[in-house]
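Engineer: Would you mind keeping the following structure in view while I ask a few things?
What follows draws every value from the coordinates through simple rules; no lab data is involved. Every value quoted in this text rests on a predicted model; they were computed, and no experiment measured them. Here the Cβ is made from the backbone with ideal geometry for all residues, glycine too, and neighbour counts use every protein chain on show.
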Amino acid sequence: MKLTCLQENLAKGISIVGRAVSTRAVLPVLSNILLATEEGRLKLAATDLSTSITCWIGAKVEEDGEITIPARLLSDFVSTLPSAQIQMELVTRTKSLHLKCAQFEADIHGIDAQDFPLIPSDVDDHKIGIPPSVLRQMIEQVTLAAAPADEGRLVLTGTLAEFRESELTMVAADGFRLSLRKAQLEEAVPEPLYVIIPARALRELARVSVEEEEPVEIIVTPNRNQVLFRLSNIEIISQLIEGKFPDYNQIIPTSYGTRVLINTHDLMRAVRIAVLFSRDVANIVRLEIIPGPDEEAGRLIVESAAEVGQNVGELEATVEGEQMEIAFNGRYMIDMLNVIGTEQVILEATNPSRPGILKPVGDDNLVYVIMPMHIKK
C-alpha cells in the first residue's frame, strides 16, 4: 500500500470511525483501525462487533494494500501533525505503516488485515430513504429516553423503529419516561417493519451525518439481525436488539384532566432553577397548576425544596381544567424541553399519580411521557 492524502481528511476519517473501536477488546485487532485502498480511495473501518463504522476519504493511490493500526496511537499522531499532505507506505515484511508529513515521520506496527472482522457492505435489499436533517432531529428527540447501556432490560437500551406505509415512528423508553416521534418517508415501504436499534448506534449516525445532504439509506438485512445506514462516504452497520419492545400505546395517556400551555423558555428556566435545589433529593420538582378566572389566564408554580434550601417560581400560563399539584424529575423535563423545538409547549396531566405528557404546540408528531414522582406532604 502506498498513497498520499491530506492530514485534515485523514484526521476527520479517523475521528468518524474511531468511535466504533472496542474499548475492552477481547481480540487485539478490535483495538485497531483498518486502512485499505479501495477504488482509488482510502477506506477506514472500525468495529466492536456490535457496531461497525466505515468511511472513505480521497487519496492519491499508487499501490493497493491493507493493514490495521492501533487506533489510539494513529489518532493521536495524525491529529498532532501539521495541515499538510501525509505519505503512507505499508512495509509488508514488518507489517508496519510508514507515515511522513512535513518534517515528521513515524513507523507504526500493525496487525494483518486478514485478522480484522469482515464488515458486510454489499447489503442492497430494499432501501428506505429519509432526509438526514429529519433523521438527526428524530434521533436527538427520541434517544434521550433510552435506558443506559448497562440497563438490565436490553430492549430498553434501544430505540424501536416502526416503518409502516410512508411513515417512520421512533420510540424509546426507560421505565421513567417515553419519547415518540413520527416522520414521513420518501416512499412507502412494501410491508410493515419493526426493529429495535441500539441508541448508541443512532447517536453515532446523528454525529457523522451533520454534513450530509443526500438522503440517508436505511437497509435492514433479510434475517432482521442487522441494520445498515448508508451515507455518501460513510456506512454504519449495527446489530439489532432481539426482544419485544413494550406496547407504548398502553403507556401514552389518551385524555387529561388539566392542560397547560406555556412558553418553553420560561418553563425551562424555572425548572433549571428548581433542580439546583433538588439535586440531592432525586431532582424532584413540584408543579402547582392554578386555573384563572377565564381560559386565557392561569398560573404555573414551579418549586423545589431540600436541606440546602427551597425555591419558588411563578409563571403565567393558559390553564384548562382542574387545579392540580404534580411532581416530576426535573432533569427529565430539562432533557425534553431542550429538544422540543417550539416556542410554546403543552403539559397535560390526569392526576398526581398518573403519567404526564409534554408536547410541542402545533406539532402532533412528537410526544413525551413522563412518570410522576411522589410528593411528601
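Engineer: How far is the Cα center of region 1-22 from the Cα center of region 27-89, in Å?
Structural biologist: So the separation of the two Cα centres works out to 5 Å.
Engineer: Rounded, prolate or oblate: pick one for region 264-349, where a ≥ b ≥ c are the square roots of the eigenvalues of its C-alpha gyration tensor, a/c under 1.5 means rounded, and failing that, prolate if a/b is larger than b/c, else oblate. It would help to have the intermediate numbers written out before the result.
Structural biologist: On the way: a/c = 2.13, a/b = 1.40, b/c = 1.53.
In terms of gyration-tensor shape, oblate.
Engineer: Taking the alpha-carbon centroid of each part, what is the distance from region 132-150 to region 297-335 in angstrom?
Structural biologist: Going from one Cα centre to the other spans 26 Å.
Engineer: Find how much the distance from Ala306 to Asp363 grows on full extension, using 0.36 nm per residue of separation minus their present alpha carbon separation; answer in nm with one decimal. Can you show the working numbers first?
Structural biologist: Details: separation 57, 0.36 × 57 = 20.52 nm, distance 3.63 nm.
Length gained, Ala306 through Asp363: 16.9 nm.
Engineer: Using label points projected 7 Å from each Cα along Cα→Cβ, tell me how many nm separate Ser232 and Val339, to one decimal.
Structural biologist: 2.5
Engineer: Compute the helix-to-body angle for 330-339: its Cα long axis versus the longest principal axis of the chain, expressed 0 to 90° and rounded to tens.
Structural biologist: 60
Engineer: At 222 nm, what value in deg cm²/dmol follows for the chain if DSSP H runs of at least 4 each add -39500 (n - 2.57) and the sum is divided by all its residues, to the nearest 500? It would help to have the intermediate numbers written out before the result.
Structural biologist: Numbers: 6 runs with 67 residues, N = 377.
Computed ellipticity for the chain at 222 nm equals -5500 deg cm²/dmol.
Engineer: Please enumerate, by chain and number, the aspartates and glutamates with C-alpha under 12 Å from the C-alpha of Lys127, excluding those fewer than 8 residues away in the same chain.
Structural biologist: In chain and number order, the partners are Glu186, Glu187, Glu217.
Engineer: Oh, and also: Can you tell me the length gained on complete extension of the stretch Asp76 to Asp150, counting 0.36 nm per residue apart and subtracting the Cα distance? Provide the component values of the computation, followed by the final result.
Structural biologist: Numbers: separation 74, 0.36 × 74 = 26.64 nm, distance 2.88 nm.
Length gained, Asp76 through Asp150: 23.8 nm.
Engineer: So if I place +1 on the C-beta of Lys and Arg and -1 on the C-beta of Asp and Glu, and nothing else carries charge, what would the dipole magnitude of region 128-249 be about its Cα centre? I want it in debye, nearest 20. Display every interim value, and only then the final one.
Structural biologist: Details: 12 positive and 19 negative charges, 89 e Å.
Result for region 128-249 is approximately 420 debye, rounded to the nearest 20.
Engineer: Ok, one more. Quick check for me: using +1 on Lys/Arg Cβ and -1 on Asp/Glu Cβ, what's the dipole size of the chain about its Cα centre, in debye to the nearest 20? Write down the numbers at each step before the final one.
Structural biologist: On the way: 35 positive and 54 negative charges, 228 e Å.
For the chain, the charge dipole is close to 1100 debye.
Engineer: Right, next: Counting other Cβ atoms within 10 Å, keep those with at most 15, restrict to DSSP loop, and tell me which trypsin sites (Lys or Arg not before Pro) in region 1-94 are left. Walk me through the intermediate numbers first.
Structural biologist: Details: sites: Lys2, Lys12, Arg19, Arg24, Arg41, Lys43, Lys60, Arg72, Arg93; in loops: Arg24, Arg93.
Here the sparse-neighbourhood loop sites are Arg24, Arg93.
Engineer: Find me the longest stretch of the chain that has none of the exposed GluC sites (Glu not before Pro), where exposed means in a DSSP loop (not H, G, I, E or B) with at most 16 other Cβ atoms within 10 Å. Walk me through the numbers before you get to the answer.
Structural biologist: Working: sites that count: Glu39, Glu151, Glu165, Glu186, Glu187, Glu211, Glu213, Glu242, Glu295, Glu296, Glu307, Glu322, Glu343.
That gives 40-150 as the longest site-free run.
Engineer: Mind grabbing the base-10 log of I(q)/I(0) for region 2-115 at q = 0.13, 0.19, 0.22, 0.24 Å⁻¹? Debye formula, identical points on the C-alpha positions, no solvent, two decimal places.
Structural biologist: Results for region 2-115 at q = 0.13, 0.19, 0.22, 0.24 Å⁻¹ read -0.42, -0.94, -1.30, -1.55.
Engineer: Then there's this: Among Asp294, Asp107, Asp115, determine the one that fluctuates most according to a GNM of the chain built with springs between C-alpha atoms less than 10 Å apart.
Structural biologist: Asp294
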